[in-house]
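One structure is given here, and the rest of the page talks about it.
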């Protein structure tokens, strides 16, 4: 009896076809992971993974900075089939991100973010460079972050700073939690008018749990390399922990953002219902409530509810972790370097007087040395040492090198602000470098830096994606620092590790490892003044 061999031959043919197709796809993928022609110099790339094995670390900015000596100011890398270029100099940042902003302002098409977390919503950190981004920035700057908005928000910054000082006086052992709560409460109040931070511990925990999950899903080397290996998209949810984490994060984020929207709507309702003759002081109008009022009065809907919720939520996400990190770094270095803290205290005594109570907003501009300390923190330990990535929206040529459309571009803030050709002893914390020198560079090259349009800090990014909240963050931290230095001695309980390698943790945000410091009021009179300062300003928080 003969056996028909045609089915067996057909199956074999299909198998061979699939095998050949797969091999072709693998070869193409492998070739894409190799360096293209006329690409900026960089370390050799391996098939399939490119250079991921080089920089998938918590502190890749240190590796990028080390490579600068070998490969130069522009370094070309491969992340699987993707192109990644690192800018290690202020000149290149100015020439590309600033001057060629129209094509250097995109955002990566991160699969996890766009398809599992944001999923159609318009989150500022991942918006493409389009008309909506301009509308978002215009609204935020006009209502909150421009000169008029900053002036109006100073009363809130002072009140939350006074509340932080009160907490430090009452329970100094929990100082890290107090700073953590302040870093959330201040932008939350300014953005949506939410005043529940003092009693809603669960809300605070939810936000920071969201932030931790958010950073884990964004940080290279921690997040799964789905964009490098698209086959990971097909892994079932029960086997892909990242899919479950992304789903949970999306749910919690949307709840938090829309909670902010409801808070702003409630603020708006109370404002309309308030009697004009009320004896209470005028209440600060939050950003989102002001946008709602403006839309009502104009009859035009610039933002729908979901857009407005994500407008406020995205602004909050961008503000909290970096502000918290910067403030704690300032505390740590002042406690570790008491001679610097004494200079800051002497300046406050001279500028504000020793018996006039804690500094107020009008005193901040008098404190040049304290401002220099803050500027040096941003230079020495920038909270975002590589900033968020830009994407090139068109092919470009830089110094004879070809950068293809879609190339991810990183500003290596760490290298720019630790350049030994520009800074004396760049690894040292030295506020003196900023006294009379807005750039902190060596005196001999100040004029050159000024002529070249150098920024005083690159910690807030560059170009059209530069953080619009820089003045809000600066005034927020300086207000806290002024009241803190006036009212307290900060005493290290043990030697404090200031090294970037072991004293700070990496990721998208550079922050201090845990440390122990005592906050001791500078006498009973100052402790009492801290309490009175809180009582004077607390109505702004209710």
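Just so it is clear, none of the values below were taken in a lab; they were calculated from the coordinates. Because the structure is a prediction, the values reported are computed rather than measured. Every residue, glycine as well, gets a Cβ built from its backbone with ideal geometry; the counts of neighbours run over all protein chains shown.
Listed values, structure above:
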| item | result |
| --- | --- |
| Exposure proxy order (Cβ contacts within 10 Å, fewest to most) of 155, 352, 192 | 155, 352, 192 |
| Whether the range 463-542 is rounded, prolate or oblate, judged on the alpha carbon gyration tensor where a/c under 1.5 counts as rounded | oblate |
| Nearest 10 degrees, 0 to 90: helix 368-380 Cα axis against the chain principal axis | 20 |
| Cα-based shape type of the range 112-158, given that a ≥ b ≥ c are square roots of the gyration tensor eigenvalues and the cut on a/c is 1.5 | oblate |
| Degrees, to the nearest 10: 6-32 long Cα axis against longest axis of the chain | 40 |
| Neighbour-count order for 460, 229, fewest beta carbons within 10 angstrom listed first | 229, 460 |
| Residue order, fewest to most surrounding Cβ atoms within 10 angstrom, among 402, 129 | 402, 129 |
| Sum of -39500 (n - 2.57) over DSSP H runs of 4+, divided by residues of the chain (222 nm, nearest 500) | -16000 deg cm²/dmol |
| Relative intensity, log₁₀ I(q)/I(0), of the range 25-166 from a Debye sum that treats every alpha carbon as a point, q = 0.14, 0.17 Å⁻¹ | -0.94, -1.13 |
| Rounded to 10°, Cα long-axis angle of helix 524-537 versus longest principal axis of the chain | 70 |
| Convex hull projection area averaged over all views, the range 389-494, Cα basis, nm² | 10.2 |
| Taking only Cα atoms of the range 164-212, radius of gyration then Dmax in Å | 10.9, 30 |
| Diffusion coefficient, µm² s⁻¹, Stokes-Einstein with Kirkwood Rh over alpha-carbon pairs of the range 362-448 at 20 °C and 1.002 mPa s | 141 |
| Distant alpha-carbon pairs in the range 283-429 (separation over 24 angstrom), percent | 60 |
| Over the chain, relative contact order from alpha-carbon pairs under 8 Å, at least 6 apart, % | 22 |
| For the range 331-388: Kirkwood Rh in Å [reciprocal of mean 1/r, alpha carbons] | 12.7 |
| Beta bridges per DSSP with both ends in the chain, % antiparallel, nearest 5 | 80 |
